[in-house]
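Novice: Let me begin by handing over the structure; questions about it come next.
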Amino acid sequence: MINPVLYGIFTFLLFVFSILTIAHRDLMKASLSLAVVLFVTAFFYIAFKFEFLGWTQILLYVGGIVVLILFVIMLAREYVGKPLESGFRRTWLGGLVSALIFIFLLWVILSTEFPEIQNFSTEPVKDLPNLLLATHYVLPFEVLSLLLLAALFGGIVIARRE
Amino acid sequence: MIPFLTVFIKSVILILVLTLIVAYMVYLERKFLGWVQNRYGPNRAGPFGIFQSIADAVKLILKEEVFPEKRDRILYFIAPVITAVSAFIPFSLIPIGSKPVIADINTSLLFVLVIAGFSTYGIVLGGVSSGSKYPLFGGLRSAAQFLSFEIPFLLSITAVILQAETFSLKKIIESQHIPYIFPQFAGFLVFFLAGLADTGRIPFDLPEAESELVGGYNTEYSGIKFAWFFLGEYAHLILISSLIVVLYLGGGNAYFIPLPSFLVFLIKIAFVIFIFYWIRTSLPRVRFDQLMKFSWKFLIPLSFLNLIVVSIFKVVL
């Protein structure tokens, strides 16, 4: 299955970089830590034989979304290389909300019974489109994404007019 | 222990061979540029200047390194390494000839794309960590360029995956009874142009435009660190050419000509690289807004069209 030593190392990395993502004062490094977190998560997918999911996660999130985040940070140049200033005013409220979310997620995870997948095909490319169209959720999802795209363009048009 | 040792030795040989190829690619490029522009090109070191690249490499290694004071220590050091390493690793899976050099996995195409995509990180981080404004602009341009060309790049590959029904580079080559350049010419065009932008070469070399940004993202790099960037960039060029050969030109398939498949593969790569050089000598650099327009208004619609046509054919046939 999965090498326990590697599992330990990657769990540790995941933990450290997750903390860094939210705690690092330099926005640039915080987003790079996010990239490392996504990368390590993909490692777990791949180690559990969900290779397609793992590679796609890296391709889309590390290769796309985080580069976009970096781009935006660089565009607002005052944040590059300078630490972020943040007060402690909202720490209590934020901590409370985070704790509530944590308890909720823990409850969900503990109360869910995870079924073990017995057999899955290793050559799924041929069936992928059929499988996607067979479930009821894909078409609404795609329509929704189209709507979001239209909203995005609308936003740009309105912003450009001024 | 033995498989580990063989993989290690193979990797070392692969890296050395690639470095040598890069050295002579640069020499041939300069000779070709000289020929086109009616001058000699390198002609001092050795007969016809064939030792020029070696001399350049020695110079870069021995040169004193100058560091910018406002650099970010870790990122500044790590950026050129990311660029070079991310260009070298994918070669372990590229099927030169009939089978991949080091490893063969089912999802090799995805792996190659994922690792090759990291070269942008090297360039962006190099720009940001230098702590000076021209590299920052270089990194900024690189990120924007990568984001807008990655979409048509991946969409054209999706069409190939759809037709070949596999993610394995080896099987994609085996499935090409006729090279995919013929049924998917639009896809080939998109992939070629997006690949040109991905390698950051003229006419899409905005991230390191010398006349605008001094040297772009590598302005503050010197000596061996600059050599890493340089090496990574040219290795990336070979990588994109070999992907073009694998995905669209039938890999090591010679079809009617009886030649060993690795030789056919190398000849095809050399031809694609030659076209890259040819474009470099012929075209001026595009403006940044032209670059963006070109990607969003031409390449992306074209790649969507290609994908739709390929899927319709796939369903009908």
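Novice: Arranged from highest to lowest average of other beta-carbon atoms within 10 Å per residue, in what order do the peptides B:183-192, B:119-128 appear?
Specialist: B:119-128, B:183-192
Novice: A further question on this structure: Taking the C-alpha atoms of the range B:68-316, how large are the radius of gyration and the largest Cα-Cα span, Dmax, in Å?
Specialist: 18.4, 63
Novice: List the trypsin sites (Lys or Arg not before Pro) in the range B:2-73 that DSSP assigns to loop (not H, G, I, E or B) and whose Cβ has at most 13 other Cβ atoms within 10 Å. Which are they?
Specialist: B:ARG39, B:ARG44, B:LYS63, B:LYS70
Novice: In what order, largest first, do B:TRP228, A:TRP92, B:TRP35 sit by accessible area if the probe radius is 1.4 Å?
Specialist: In descending accessible area the options line up as A:TRP92, B:TRP35, B:TRP228.
Novice: If you average 1/r over every pair of different alpha-carbon atoms in the range A:1-82 and take one over that average, what Kirkwood value in Å do you get?
Specialist: 13.5 Å
Novice: In whole Hz, what ³J(HN,Hα) sequence does the range B:105-120 give by Karplus (6.51, -1.76, 1.60; θ = phi - 60°), x for Gly and Pro?
Specialist: With the stated coefficients, the range B:105-120 comes to 10, 5, 10, 5, 4, 4, 4, 4, 5, 4, 5, 5, x, 5, 4, 4 Hz.
Novice: Tabulate in residue order the Karplus-calculated ³J(HN,Hα) for the range B:302-310, using 6.51 cos²θ - 1.76 cosθ + 1.60 with θ = phi - 60°, rounded to whole Hz; enter x for Gly and Pro.
Specialist: 5, 5, 5, 4, 4, 4, 5, 4, 5
Novice: Leaving ligands and nucleic acids out of the surface, order A:PHE71, B:PHE146 by accessible area at 1.4 Å, largest first.
Specialist: Greatest to least solvent exposure: A:PHE71, B:PHE146.
Novice: Hey, another quick one. Report the local net charge at B:LEU206: Lys and Arg +1, Asp and Glu -1, summed over other residues whose C-beta lies under 9 Å from its C-beta.
Specialist: Cβ neighbours under 9 Å give a net charge of 0.
Novice: Can you pull the Kirkwood radius for the protein assembly as shown, inverse mean 1/r over Cα pairs, to one decimal in Å?
Specialist: 24.7 Å
Novice: List the lysines whose Cα sits under 22 Å from the Cα of B:LYS70, skipping any in the same chain fewer than 8 residues away.
Specialist: B:LYS70 reaches A:LYS29, A:LYS82, B:LYS133, B:LYS225.
Novice: Along the charge dipole of the protein assembly as shown, Cβ charges K/R +1 and D/E -1, which of A:THR11, A:TYR45, B:MET292 sits furthest on the positive end?
Specialist: Positive-most Cα among the choices belongs to B:MET292.
Novice: Averaged over peptide A:19-28, how many Cβ atoms belonging to another chain are found within 10 Å of each residue's Cβ?
Specialist: Average per residue, whole number: 1.
Novice: In addition: Based on alpha-carbon centroids, what's the gap between the range B:110-187 and the range B:6-61 in Å, whole number please?
Specialist: Between the Cα centres of the range B:110-187 and the range B:6-61 lies a distance of 26 Å.
Novice: Let me ask something else. Through the Karplus equation 6.51 cos²θ - 1.76 cosθ + 1.60, θ set to phi - 60°, convert the phi angles of the range B:27-33 into ³J(HN,Hα) values in whole Hz; use x for Gly and Pro.
Specialist: 4, 5, 4, 5, 5, 5, 4
Novice: Right, something else. Considering the dipole of the protein assembly as shown built from charges on the beta carbon (Lys and Arg +1, Asp and Glu -1) around the Cα centre, which of B:ILE21, B:PHE313, B:VAL114 is farthest to its positive end?
Specialist: Checking the options against the dipole of the protein assembly as shown, the answer is B:ILE21.
Novice: Please list, in chain and number order, the residues 5+ apart from B:TYR221 or on another chain whose amide H is under 5 Å from its amide H, with Hs placed from the backbone.
Specialist: Under 5 Å from the amide H of B:TYR221 lies no amide H from a residue far enough along the sequence or on another chain.
The values are calculated or read from the model by the stated rules, or taken from the named source; none is laboratory data. Model, not experiment: these values are computed from the prediction. Backbone-built Cβ (ideal geometry, glycine too); neighbour counts: all protein chains shown. Remember, those area values only see protein heavy atoms, side chains included, never the ligands or the DNA or RNA. Shrake-Rupley method; radii C 1.70, N 1.55, O 1.52, S 1.80 Å.
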